[in-house]
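See below for the structure under consideration.
Derivation of every value follows stated rules applied to the coordinates shown; laboratory data play no part. Given the structure is predicted, the values throughout are model-derived calculations rather than measurements. All Cβ positions, even for glycine, are placed from backbone atoms using ideal geometry, and neighbour counts span all protein chains on display.
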Amino acid sequence: MSSNQNILVKLKDAGFKINDKWLVQGVSLQVEKGKIVTLIGPNGSGKSTTAKIALGIYKKVEGEVEKFTNKVGYVPQKISIDWTLPLRVNDFMVLTENLKSETINEALSLTGVIHLKDKNLGDLSGGEFQRVLLARAISKKPDLLVLDEPVQGVDFTGEIALYELIKKISDELNCGILLISHDLHTVMSATDHVVCLNGHVCCSGSPIDVAKNDEYKALFGEQASQILSRYEHKHDHIHTDEGKIKKN
Amino acid sequence: MFDDFFIRALVAGIGVALVTGPLGCFVIWRRLSYFGDTLAHSALLGVTLAFTMEFNIALSVFIISSLIALTLIQLQKRTNLPGDALLGLLAHSSLAVGLVVIGFLTFIRFDIMGLLFGDILAVTVDDLLIIWIGGAIILLILKLIWKPLFASTVNYELAEAEGLNPDRAKAIFTILMAAIIAISIKMVGLLLITGMLIIPAAMARNISTSPQKMVVYSIIGGLLSVILGLFSSLEFNTSSGPSIITAALLLFILSLFKIKQTIKLKN
C-alpha cells in the first residue's frame, strides 16, 4: 500500500439500505492515484450501489466514506436523456465543467466519436452514446474516474480499444479508476485490485489471488473458471503479436 | 414617459417576458408546469393577505408562494400521495381559502377579474420598479445557479457525483419561481402566469437545437407575445393576460410548421 496522500476515496465498512433492505454492506476499499480498482459480482450484488456510495450520491450511508477530491468523472450505468431537452453532444460535454474546444475535440477523438460533435444526443445509438459518456468523463482530466460498465453496447473491437484507452488514461493522468465490469478478461488483465461483491465483500486482492479464491469460484462457478482458463489460453496465443494481456 | 398607462404596461410586460423566457425553459425541462400553477393559485391568498394587512402585494405573494413550495417539499417527504395529487391539493385549497377570505373582506372593493386575468390599467410606476429590479435579481441568481441546475436537469446523479450540489440549486430555483409569479401577477393574472412561462418556451423548443438557443427564442417569443397581446388588448378592450397568452399561442402554432419541416427532413 502506498502513502496516504495517494488515496482518492476510501470506504471503511460502508453500507447502504433502502427501507431496511441492505443493498450492500461491509464494503472496505480504497482507490489510489494511478491505480485501477475493479468491482465484480453478479447482478444485484451491489456494484453500482458501492460506486454511488464512493461518489457521495447516497448520503445516509453506514460506515465511513472519505473522498479526498472533487475532480471526479462519472460514467453511470444507466442514463436517460429527456426529449424535452434539445441537447447536442457538444452541450453535453460541458455539462459539469466549462472546457476549451480543443479539450472537447481531443476527448471525443480518443473515444472515436469526434464526427458526432454537433449531433443531437437523442439521435445517437447506444454504443455511440456510451463513447460520448466516456469522453465527457475523461475530458475534464479528473483525479478520480468512476466507470460503471463503461463499454456496454459498444462493438467488440471498440470494447478492446476503449479498455486500452482506460488503462492509458489511468497511466497518463495518474488518476485513480473505480471500474465496474462484467468482462473478466479485462478484469484479469488491466486491474490492480479486484473486489468481488455479493451483497458484501466476498473476497478481494490482486486479480490472480481473487481468481484462485474459493469463494470467487463458488460465486462465479463453472463459467468463471472457464473464462479464466480461456483467458490463459488466449494469453498464450496473442502474447507475441500484441502483448496487451500481461501476466503479473 | 411613464404617464401613459399603456407605456407602463408595455415596459412591465417586457420586463416580465425577459425573466419568464429562461425560467420557462426550466419549467418545461424539469416538468414543473403544474408546480407553477400551484404556486400561482396560492398567489390569490397572498394578494388577499396583502389587502388585509396593508402590505405590498408582490412581497406578500412571494412569501405565501414560497411557503406553499416548502409545504409541498415537506408533504412529498412525509406522505405517500403522488406528486400531482399533492399539487392539486395545495393549488385548489389555497385558491379556495383565498376566495373565502375575500368573501369576508366586504369593506374592500376587489377586482377579482383583474386578479385572475391581469389588468394593464393597474400597473403603477412602483410595479415597474418591482418588476425590473426583481427581474434583474432573478436573472442574476439564475445565471449563478445555471450550471448545477442545468446539469441536474439532464442527470441528477452526474451533477451530484461531480460535486455541483444540485439540491441547493433546486431549492433556489423554487424560490425564483415564487418570485417571478409575485412580480408578474398584475400583468398576466394568477390563472395565466404559468401560460406565460410554458407557451413561449414550448414554442422555442419546436425551433431550437441547443439549450442556449431555446432560451433566446423563448425570450423573443415572450416579448412578441407581450407586444402583440397588449396592442390587441387595447384595440379590442380585452383583459391583458388572456390577450398576451393568446398571442403566445398563435406563435406556438406558427412554430409547429417549422417542426413539421424538420420531421419531414428526418424521414
Length gained when the stretch B:Gln212-B:Lys258 is fully extended (0.36 nm per residue, less Cα-Cα span): 14.7 nm
Only Lys, Arg (+1) and Asp, Glu (-1) charged, at Cβ; the protein assembly as shown dipole about Cα centre in debye: 160 debye
In Å, descending, principal axis extents of the Cα set of the stretch A:87-222: 50, 29, 26
Whole-Å distance, taken between Cα centres, linking the stretch B:1-36 and the stretch A:127-174: 44 Å
Ratio of the Cα radius of gyration of chain B to 2.2 N^0.38 Å, where N counts its residues: 1.01
Rule-of-thumb Rg ratio for the stretch B:33-166 [Cα; 2.2 N^0.38 Å; N residues]: 1.25
Shape box of chain A [Cα atoms, principal axes, largest first, Å]: 50, 50, 36
Share of Cα-Cα pairs in the stretch B:197-254 lying beyond 20 Å, as whole percent: 23 percent
Inter-label distance for A:Thr84 and A:Asn70, nm, one decimal - labels placed 7 Å from Cα along Cα-to-Cβ: 3.0 nm
Hypothetical label at B:Phe5: residues of the stretch B:108-140 whose amide nitrogen lies under 12 Å (7 Å Cα-Cβ projection): B:119-124
Residues B:Met113, A:Met93, sorted so that the one with the fewest Cβ neighbours within 10 Å comes first: B:Met113, A:Met93
More than 15 Å apart - percent of Cα-Cα pairs taken over the stretch A:18-95: 67 percent
Cα extents of the protein assembly as shown along the three principal axes, largest first (Å): 91, 50, 38
Student exercise, the stretch B:5-191 dipole from Lys, Arg, Asp, Glu Cβ charges, in Debye to nearest 20: 160 debye
For the stretch B:5-191, with +1 on Lys and Arg beta carbons and -1 on Asp and Glu, the positive-most of B:Phe104, B:Leu67, B:Thr79 along the dipole: B:Thr79
Between the stretch B:174-247 and the stretch B:116-149, the alpha-carbon center distance in angstrom: 13 Å
Helix-only [θ]222 nm of the protein assembly as shown, DSSP H runs n ≥ 4, -39500 (n - 2.57) each, per residue, nearest 500: -20500 deg cm²/dmol
Hydrodynamic radius of the stretch B:114-238 per Kirkwood, over alpha carbon pairs, in Å: 16.1 Å
Zone residues, the stretch B:158-186, relative to B:Thr124, backbone N less than 20 Å from point 7 Å out along Cα-to-Cβ: B:181-186
Estimated dipole of the stretch A:1-145 in Debye, rounded to 20 [Cβ of Lys and Arg +1, of Asp and Glu -1, Cα centre]: 200 debye
Fewest-first ranking of A:Ser125, B:Ser93, using other Cβ atoms within 10 Å as the exposure measure: A:Ser125, B:Ser93
Label point distance in nm, B:Asn56-B:Phe110, each placed 7 Å from Cα along Cα→Cβ: 2.3 nm
